[in-house]
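Written out below as structure tokens is the structure these notes cover.
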Amino acid sequence: MPTIPRKRLDPEDIRKPRDAEQRVLLAAPRGYCAGVDRAVIAVERALEHYGAPIYVRKEIVHNRHVVETLSERGAVFVDETDEVPQGARVVFSAHGVSPAVHAEAAERELSTIDATCPLVTKVHREAVRFARDGYRILLVGHAGHEEVEGTMGEAPEHITLIQNPAEARTVEVDPDEPLVWISQTTLSVDETMETVNILRERFPHLQDPPSDDICYATQNRQVAVKKIAPEADLVLVVGSANSSNSVRLVEVALEHGAKAAHRIDFAREVDEAWFHDVATVGVTSGASVPEPLVQDLLSLLGDYGFTSVEEVVTAEEDLMFSLPRELRKDLKAAGKKTANKPDGADRDHRII
């Protein structure tokens, strides 16, 4: 698909358009983060190397298009490990799994490929270390999210889930226990810090994790939306309903000045009524959204007269994660390339 022509703007150069001008402010960074890129490519390379079917526990990433596309290629998505045939191969999603899931897979003699985002793995390791050192851990996150379930599974007796500022005001802890907070990686930065600040006021001995748990990509996408929202009559966020970071982008846009904001999976979901009295449309996408879906939306906006596309760049991202260890090992043994980017990638990346 051809990329929609656009010009780059410095964030300080955003200006309101003339009355008759219709334009798009395209946020950057947007779309795939390094963890999502790694997980999706892991399933693709596994299908190429081992052949279908490749089982995937939960959605590999929270995006309808990605899941549907991989399903068409032979990936079989299941809710639980016991749905995978004995001895088959299964990929764990980017959101991570608990030790109990790893143990169940071993009991069923499954060949596993762990595509957990390394930034989520970092939070798991923090939970294990803090629990070992006797801390009560306050995990800021959303109940039922796969990432939260995996993290809590690392030390269930030591972790208390805090979902929002209201729960931070009512949670009770043993005053004699050392106390630390950690967080889900895909939350709203602002709401997380509101929650943490309430906890700090109530529990002065609360300790911080050694580094910020909210991932760089989540923060970068929120910063970009904050920059375009005050100038936008409408913000459109491409992303799925179960994508925490995509849902947060809608909230951030509204909190920072957008007159209206909507989340869509596909351009075809856009409602023409949304464009009444709209001169400037902001566009972004969640961290699990492939760029062609954004290009589809820009094409549709062009049909509505929004032909001027100005890309507002607030950060450059060059991070890239190596493929999961199990997959790299098998690819190397077969003499196949183990990098997770094709030759001639469009720019240099830091691979870790």
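The values are calculated or read from the model by the stated rules, or taken from the named source; none is laboratory data. It should be emphasised that the depicted structure is a prediction, and the values quoted were computed from it without experimental measurement. Every residue, glycine as well, gets a Cβ built from its backbone with ideal geometry; the counts of neighbours run over all protein chains shown. To get the accessible areas, we keep the full protein, side chains included, count just its heavy atoms, and leave off ligands, DNA and RNA. Shrake-Rupley method; radii C 1.70, N 1.55, O 1.52, S 1.80 Å.
In a residue-by-residue description of region 192-204, the property of being among the aliphatic types (A, V, I, L, M), in contact with a Lys or Arg (Cβ under 7 Å, 6 or more places away or on another chain) and assigned to a helix (DSSP H, G or I) applies to at least one position.
So how many residues does region 186-202 have that are modelled with pLDDT of 95 or more and within 15 Å of S246 (Cβ to Cβ)? The qualifying residues number 0. Screening region 66-112 for residues that are assigned to a helix (DSSP H, G or I), in contact (Cβ under 8 Å) with a residue 40 or more places away in the chain and open to solvent by less than 20 Å² (accessible area, probe 1.4 Å) and picking the one that is nearest to A287 (Cα to Cα) gives V66. Applying a threshold of 7 Å to beta carbon distances and a minimum spacing of six or more residues, or different chains, the list of pairs starting in region 251-271 at a residue that is within 24 Å of P292 (Cα to Cα) and assigned by the TED database to the domain that holds S240 and ending at one that is at pLDDT 95 or above and basic (K, R) reads V252/K226; D265/R64. Exactly one residue among V247, V252, V238 is touching a Lys or Arg at 6+ places or on another chain (Cβ under 7 Å) and under 20 Å from H65 (Cβ atoms), and that residue is V247. Residues of region 44-65 that are open to solvent by 50 Å² or more (accessible area, probe 1.4 Å) and either touching a strand residue (DSSP E or B) at 6+ places or on another chain (Cβ under 8 Å) or of a type in the set (K, R) (or both): Y50, A52, P53, E59, R64. Is it the case, given these coordinates, that L139 is modelled with pLDDT of 95 or more, among the hydrophobic types (A, V, I, L, M, F, W, C), within 19 Å of T185 (Cα to Cα) and not assigned by the TED database to the domain that holds S244? So L139 fits the description; yes. For the residues E80, E72, E68, the requirement of being closer than 20 Å to A241 by Cβ and of a type outside the set (V, I, T) singles out E68. Going by what's in this entry, would D37 be described as touching a residue at least 12 places away in the same chain (Cβ under 8 Å), open to solvent by 60 Å² or more (accessible area, probe 1.4 Å), part of a helix (DSSP H, G or I) and closer than 26 Å to H145 by Cα? Judged against the criteria, D37 is not a match. With respect to the conditions (1) in a helix (DSSP H, G or I); (2) open to solvent by 10 Å² or more (accessible area, probe 1.4 Å); (3) hydroxyl-bearing (S, T, Y); (4) in contact with a Lys or Arg (Cβ under 9 Å, 6 or more places away or on another chain), S299 falls short on a single one, namely (4). If you go through region 315-328 and keep only what is touching a residue at least 60 places away in the same chain (Cβ under 8 Å) and either closer than 20 Å to G239 by Cα or basic (K, R) (or both), you end up with E317, R325. Restricting attention to region 145-173, the residues being open to solvent by 50 Å² or more (accessible area, probe 1.4 Å), in a loop (DSSP other than H, G, I, E, B) and not polar (S, T, N, Q) number 5. Cβ-Cβ distances below 7 Å connect the following pairs, each with a first residue in region 186-208 that is in contact (Cβ under 8 Å) with a residue 60 or more places away in the chain, a second residue that is of a type in the set (K, R) and open to solvent by 60 Å² or more (accessible area, probe 1.4 Å), and a separation of six or more residues or different chains: L206/R200.
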